[in-house]
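Asker: Structure provided below as structure tokens; questions to follow.
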Amino acid sequence: MKILFLAHRVPYPPDKGDKIRAFHELRALFERGHDIHLFAFADDLKDLQYQVELSRYCTEVRVLPLRRMTGSLRAAASLARSRPLSVGYYASQRMRRLVDRAVMTSDFDAVLVYSSTMAQYAPASLAARTVVDLVDVDSEKWRDYSRRAGGLKARLLALESERLRRYEYEIIHQAAWTILSSSREASLLDELDEFTRRARLRIMTNGVDTDYFLPGDSPPESRPYLVFTGVMNYLPNVEGVCRFVDQVWPLIRAESPEADFVIVGRNPVVAVRKLARYDGVSVTGEVDDVRPYLRRATVMVAPLNFARGVQNKLLEAMAMRKPIVATPAAVAGLRVEDGAQVSIAESPQAFASAVVRIINDRDWRESLADSARIFVEREHQWLSILQPLLRLIESFGDRQAVGSRLPVPGFQSLLHGFVESQSRPDTQK
């Protein structure tokens, strides 16, 4: 099958959330023998170099640089056009022309859209053969952010949440299928009627490469070693580690004075870098490979106060057979139980106690570690995780059967409206 794949970021290297999922989707389609035509943005200009690598999997790779200033100006212009800022940020007439030209010259059997921001490029003529992977309900993320902000910023974030929620509903009604990463995310779309929910939504969790994230012999540590991994300019991560160091870390150090805590991840903001002033805390910034840090870890901590979807950081630590202490928010997208695959705690005192128990009780530590690895091997292998997506895409091979899956009648397509509203030439060349 000939597949049009639209992604808001270059899906390579698979080293952070959205890139990981998008890459494994692309590779799975390639391994099934499908002919993939990838159109994506590079919001980091370093990602332009990976077009050659992606050509191993794709017949065609078209990547446009997305400059932050240009995107921000388009996002600001969206305020007057009643569309989400995040959609405006990724709006490009050049991308529109590239996709339109590809649709006119190629007979695509299916379209896979990765993220809501790329739905504006999905060809209306192929709506009945389009799958959109929203992954998470991003409108809820902006709602979370608005609750943590104040003044004008809070109002702007709340407005973005409202507009994006309408946009997400429109995507669901226009595409043949929409995918979310967990039932929890799907439950947030409470205005969907039950028929549409059953007919158009599918759940597909995240996977982990269990061959890459292999357990290994941990180097001998003379002191307990705690690790957190993640992109460190992402608000849930920033807020989580700051709260942990401020409220939980002193309690842990009181019981285990030799403990170290290492924060591993790119783009640490000032508030995160300042945490290195605390005794026993270090901040690495970007690293080439998180596995050495996980391998050394006595325990992985996930002290997130709020989170969306399925946390890849947890799957990676579990694959490497590491015990985890996490908040309820951090594990909300996973089918885990406290004391089975992870230790779940919320208050600073409970979180610290759970960490200290793992440090001091080797048998407990080993039990959690074993259960964690078994869990991801059973529930989160990419090969099995991606089967629902592959079945949906391959169902479009029967063109006559596909004809019965049309967008819900009576809806004015917001997606088409967003595209048409951008009649001015852009400068993103």
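Asker: Going by amide H atoms built from the backbone, whose H comes under 5 Å of the H on residue 302, apart from near neighbours?
Answerer: 325, 326, 327
Asker: Percentage of Cα-Cα pair distances in segment 353-402 greater than 15 Å, rounded to whole percent?
Answerer: Summing the P(r) of segment 353-402 above 15 Å gives 65 percent of all pairs.
Asker: Using only the alpha carbon atoms of the chain, find the Kirkwood hydrodynamic radius as the inverse mean reciprocal pair distance, in angstroms to one decimal.
Answerer: It is 22.7 Å.
Asker: Another question, then. Angle between the Cα long axis of helix 348-360 and the longest principal axis of the chain, 0 to 90 degrees, nearest 10?
Answerer: 70
Asker: For segment 283-380, which trypsin sites (Lys or Arg not before Pro) are both in a DSSP coil and crowded by at most 16 other Cβ atoms within 10 Å?
Answerer: Working: sites: 295, 296, 308, 313, 321, 335, 357, 362, 365, 373, 378; in loops: 308, 321, 335.
Sites meeting the loop and neighbour criteria: 335.
Asker: For segment 1-39 and segment 228-295, compute the distance between their C-alpha centroids and round to whole Å.
Answerer: Value for the Cα centre distance between the two parts: 32 Å.
Asker: Here's something else I'd like to know. Quick one: compute the contact order of segment 225-379, relative version, from alpha carbon pairs under 8 angstrom and 6+ residues apart, as a percent.
Answerer: Worked out over segment 225-379, it gives 23 percent.
Asker: Quick one: helix 138-148 against the long Cα principal axis of the chain, what's the angle to the nearest 10°, folded into 0 to 90?
Answerer: 50
Asker: Compute the Rg/Rh shape ratio of segment 225-379: radius of gyration over Kirkwood radius, all on alpha-carbon atoms.
Answerer: 0.92
Asker: Pop a pseudo-label 7 angstrom from the Cα along the beta-carbon direction at both residue 340 and residue 383 and give the gap in nm to one decimal.
Answerer: 2.5
Asker: Give the percent of DSSP beta bridges with both residues in segment 1-149 that are antiparallel, rounded to the nearest 5.
Answerer: 0
Asker: Using only Cα atoms, find the angle between the long axis of helix 362-379 and the longest principal axis of the chain, and express it within 0 to 90 degrees, rounded to the nearest 10.
Answerer: The answer is roughly 10 degrees.
Asker: Please find the FRET efficiency linking residue 96 to residue 267, where r is the Cβ-Cβ separation and R0 is fixed at 35 Å, and quote it to the nearest 0.05.
Answerer: Approximately 0.70, to the nearest 0.05.
Asker: When the chain is fully extended, how far beyond the present Cα-Cα distance does residue 199 get from residue 79, taking 0.36 nm per residue of separation? Mind dumping the intermediate values first?
Answerer: Working: separation 120, 0.36 × 120 = 43.20 nm, distance 3.29 nm.
Here the answer is 39.9 nm.
Asker: For segment 40-183, what relative contact order do you get, as a whole percent, if you take Cα pairs closer than 8 Å and at least 6 residues apart?
Answerer: Relative contact order here is 19 percent.
Asker: Moving on. Report the label-to-label distance for residue 360 and residue 31 in nanometres (one decimal), using points 7 Å from each Cα along the Cα→Cβ vector.
Answerer: 4.5
Asker: As a check on your grasp of the helix formula, calculate [θ] at 222 nm for the chain: sum -39500 (n - 2.57) over DSSP H runs of n ≥ 4, divide by the residue count, round to the nearest 500. Could the numbers behind the result be given before it?
Answerer: Numbers: 20 runs with 184 residues, N = 429.
Value at 222 nm, helices only, nearest 500: -12000 deg cm²/dmol.
Asker: Something else now. If you only keep lysine pairs separated by 8 or more in sequence, or across chains, how many in the chain come under 16 Å at the Cα atoms?
Answerer: 6
Asker: Give me the percent relative contact order of the chain, please, defined on Cα pairs under 8 angstrom at least 6 residues apart.
Answerer: Once divided by the residue count of the chain, the mean separation gives 16 percent.
Asker: Then there's this: Please check the chain for the longest run free of GluC sites (Glu not before Pro) that are loop-located per DSSP (anything but H, G, I, E, B) and have at most 16 other Cβ atoms within 10 Å.
Answerer: On the way: sites that count: 191, 221, 258, 286, 337, 346.
With GluC sites (Glu not before Pro) excluded where exposed in loops, the chain gives 1-190 as its longest stretch.
Asker: I would also like to ask the following. Please compute the modelled spin-label separation between residue 149 and residue 190, points set 7 Å along Cα→Cβ, answer in nm with one decimal.
Answerer: The modelled label-to-label distance comes out at 2.3 nm.
Values in this text are rule-based calculations from the coordinates and carry no lab data. It should be emphasised that the depicted structure is a prediction, and the values quoted were computed from it without experimental measurement. Backbone-built Cβ (ideal geometry, glycine too); neighbour counts: all protein chains shown.
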